[in-house]
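J.: Take a look at the following structure, please.
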Amino acid sequence: MTLPPEAFAAALLPQGTLDELGPEFDRLGRRYSGKVRENFTAAGERTIVVTDRISAFDVVLGTIPFKGQVLNAVATHWFERTASLFPNHLLRVPDPQAVVAIECEPIPVELVVRGYLTGVSSTSIWRAYERGERVFCGHRLPEGLRKHERLPQALLTPSTKAKKGDHDESVSKDELFRRGLIAPALFEELEQRALQLFAFGQAEAAARGLILADTKYEIGRAPDGRIVLIDEIHTPDSSRYWYTQGYEAALSRSEDPRSLDKEFVRRWLVAQGFTGEGAPPPLPDALRIEAAQRYLEIAEVLLGRPLQPDLRPPLARLAANLGVG
Ligand SMILES: Nc1ncnc2c1ncn2[C@@H]1O[C@H](COP(=O)(O)OP(=O)(O)O)[C@@H](O)[C@H]1O
Ligand SMILES: [Mg+2]
């Protein structure tokens, strides 16, 4: 989807880029403001508004035009296609930037699945390997792997879900059990099912000329006791996607594979000397537009059709669609 420059100019204005939702939205329920989503809970349902906020290294950096619409469309697409593999929280999609979902009791463990030896943050599997560590979250890693190389098999490397402002922490399953965060039987079952979902995601990505390098799933317990996927799935925020074309060449030249996710923004931050500590540098508009183009591009590749973003002012549209106008 190539948009004319005016579309971005309008979206860069504060009223065109969804950031803050006013108090009228509190009529939807008890609010939890996450880094990226505004959540409202009432009567067993959770209305989730996917804002245009972008976070990296667990810090909110600013907004990227249309990012909320892209994320919502991609997550909804994959939730619908994976429902038979793993049930999920999705009930309905009242707005391009919102869903209504089953309110679940979150399980305080993130299911991170990694297919490749990569990452930029200090907690990534690549940084650990580079430091000489050969056991990551309880998994033994072979010698001689290169940066960005495919792992012998996909690994579930769980992390604890940090409180707002803290960083998530990668841990072994034994550590999860020691801390009483999840029962071993449930963990083993979720591990198998997360690996199946990941294999499905990788096959779907491959059919589109992409590599799904890694991803993160969140799960919760629904009121009827079922374990369901919550949050988002296989989006460019929760997943690292590379183009298959050029991957081998990049690997052999020790370069970074061309990516279709927020790695682009992360690398820019790292180049500015920011890796998660202190205040992040403000995102220049040129970078925000470039990132918006990339988000629309990945939507088109993943959905198999162009995503025509809704250009109406998002706050008024959301208020009308969610019935708080
Ligand atoms: N169906 C659900 N039931 C309960 N919690 C959910 C559900 N879906 C998502 N969540 C939680 O809502 C929050 C979504 O907002 P987000 O911006 O991702 O927040 P965070 O900054 O905590 O990652 C996450 O904390 C996620 O775990
Ligand atoms: Mg989140």
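The values are calculated or read from the model by the stated rules, or taken from the named source; none is laboratory data. What you see is a predicted model; the values in this text were computed from it and never measured. Methodologically, a virtual Cβ is constructed for each residue, glycine included, from the backbone with ideal geometry; neighbour enumeration extends over all protein chains shown. The accessibility values were calculated without ligands, DNA or RNA, using every heavy atom of the protein model including side chains. Shrake-Rupley method; radii C 1.70, N 1.55, O 1.52, S 1.80 Å.
J.: Filter the range 36-63 down to the residues that are assigned to a loop (DSSP other than H, G, I, E, B) and surrounded by 16 or more Cβ atoms within 10 Å (Cβ to Cβ) and list them by number. Before the answer, list the steps.
T.: Residues of the range 36-63 assigned to a loop (DSSP other than H, G, I, E, B): 36, 43-44, 51-52, 57-58.
36, 51, 52, 57, listed by residue number.
J.: Hey, can you tell me all the residues within the range 275-305 that are closer than 30 Å to residue 244 by Cβ and more than 20 Å from the chain's Cα centre (by Cα)?
T.: 286, 305
J.: Would it be correct to say that residue 66 is open to solvent by 10 Å² or more (accessible area, probe 1.4 Å), away from ligand 2 (no atom under 16 Å from the Cβ) and either modelled with pLDDT under 95 or under 12 Å from the mean Cα position of the chain (by Cα) (or both)? Write out each step before concluding.
T.: Working: open to solvent by 10 Å² or more (accessible area, probe 1.4 Å): yes; away from ligand 2 (no atom under 16 Å from the Cβ): yes; either modelled with pLDDT under 95 or under 12 Å from the mean Cα position of the chain (by Cα) (or both): yes.
Yes.
J.: Quick test of your reading of the structure: residue 185 fulfils all but one of (1) surrounded by 12 or more Cβ atoms within 10 Å (Cβ to Cβ); (2) assigned to a helix (DSSP H, G or I). Name the failing condition by number.
T.: Exception for residue 185: condition (1).
J.: If you go through the range 171-186 one residue at a time, do you hit one that is more than 14 Å from ligand 2 (Cβ to nearest atom) and under 20 Å from the mean Cα position of the chain (by Cα)?
T.: Kept after step one, since they are more than 14 Å from ligand 2 (Cβ to nearest atom), are these residues of the range 171-186: 171-186.
Those left that are additionally under 20 Å from the mean Cα position of the chain (by Cα): 171.
So far as the range 171-186 goes, yes, one or more of its residues are more than 14 Å from ligand 2 (Cβ to nearest atom) and under 20 Å from the mean Cα position of the chain (by Cα).
J.: Give the residue, chosen from 144, 119, that is more than 15 Å from ligand 1 (Cβ to nearest atom), on the phi > 0 side of the Ramachandran plot and either surrounded by fewer than 19 Cβ atoms within 10 Å (Cβ to Cβ) or not assigned by TED's automatic domain parsing to the domain that holds residue 180 (or both).
T.: Working: 119 fails: either surrounded by fewer than 19 Cβ atoms within 10 Å (Cβ to Cβ) or not assigned by TED's automatic domain parsing to the domain that holds residue 180 (or both).
Only one candidate passes the filter, namely 144.
For (1) at positive phi; (2) hydrophobic (A, V, I, L, M, F, W, C); (3) within 16 Å of ligand 1 (Cβ to nearest atom); (4) touching an Asp or Glu at 6+ places or on another chain (Cβ under 6 Å), each residue gets a yes or a no:
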site	(1), (2), (3), (4)
221	no, no, yes, yes
234	yes, no, yes, no
244	no, no, no, no
253	no, no, no, no
301	no, yes, no, no
324	no, yes, no, yes
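J.: Within the range 17-35, track down each residue that is within 16 Å of ligand 1 (Cβ to nearest atom) and open to solvent by 70 Å² or more (accessible area, probe 1.4 Å).
T.: Listed by number, the residues that qualify are 20, 30, 31, 32, 35.
J.: Considering 244, 275, which residue is assigned by TED's automatic domain parsing to the domain that holds residue 183 and under 29 Å from residue 127 (Cα atoms)? Quick ask: steps written out before the conclusion?
T.: Details: 275 fails: assigned by TED's automatic domain parsing to the domain that holds residue 183.
Going through 244, 275 in turn, the sole match is 244.
J.: Considering only the range 83-103, I want to know if a residue exists there that is open to solvent by less than 10 Å² (accessible area, probe 1.4 Å) and of a type in the set (Phe, Trp, Tyr).
T.: yes
J.: Here's another thing I want to ask about it. For the range 36-45, how many residues meet the condition of being of a type in the set (S, T, N, Q) and either closer than 12 Å to residue 231 by Cα or more than 8 Å from ligand 1 (Cβ to nearest atom) (or both)?
T.: If we filter the range 36-45 for residues that are of a type in the set (S, T, N, Q), which is where we start, we get 39, 41.
From what's left, either closer than 12 Å to residue 231 by Cα or more than 8 Å from ligand 1 (Cβ to nearest atom) (or both): 39.
Residues in the range 36-45 being of a type in the set (S, T, N, Q) and either closer than 12 Å to residue 231 by Cα or more than 8 Å from ligand 1 (Cβ to nearest atom) (or both): 1 in total.
J.: Within the set of pairs 6 or more residues apart or between chains, which connect a residue that is without any contact (Cβ under 8 Å) to a residue 60 or more places away in the chain inside the range 30-57 to a residue that is near ligand 1 (Cβ under 8 Å from one of its atoms) and of a type in the set (Phe, Trp, Tyr) with Cβ atoms less than 7 Å apart?
T.: What qualifies is 39/32.
J.: Please work out which one of (1) under 25 Å from residue 73 (Cα atoms); (2) open to solvent by 10 Å² or more (accessible area, probe 1.4 Å); (3) hydroxyl-bearing (Ser, Thr, Tyr) is the condition residue 241 fails and give its number.
T.: Of the numbered conditions (1) under 25 Å from residue 73 (Cα atoms); (2) open to solvent by 10 Å² or more (accessible area, probe 1.4 Å); (3) hydroxyl-bearing (Ser, Thr, Tyr), the odd one out for residue 241 is (2).
J.: Just to check your reading of the model, which residue among 280, 257, 236, 223 is open to solvent by less than 70 Å² (accessible area, probe 1.4 Å), in a loop (DSSP other than H, G, I, E, B) and more than 21 Å from residue 51 (Cβ to Cβ)? Show your work before the answer.
T.: Numbers: 280 fails: more than 21 Å from residue 51 (Cβ to Cβ); 236 fails: more than 21 Å from residue 51 (Cβ to Cβ); 223 fails: open to solvent by less than 70 Å² (accessible area, probe 1.4 Å).
Within the list 280, 257, 236, 223, the selection yields 257.
J.: Another question, if that's okay. Tell me yes or no: at least one residue of the range 213-227 is away from ligand 2 (no atom under 16 Å from the Cβ) and within 19 Å of the chain's Cα centre (by Cα).
T.: Yes.
J.: Further question: For the range 23-42, name all the residues that are more than 16 Å from ligand 2 (Cβ to nearest atom) and farther than 16 Å from residue 104 by Cα.
T.: Correct list: 23, 24, 25, 26, 27, 28.
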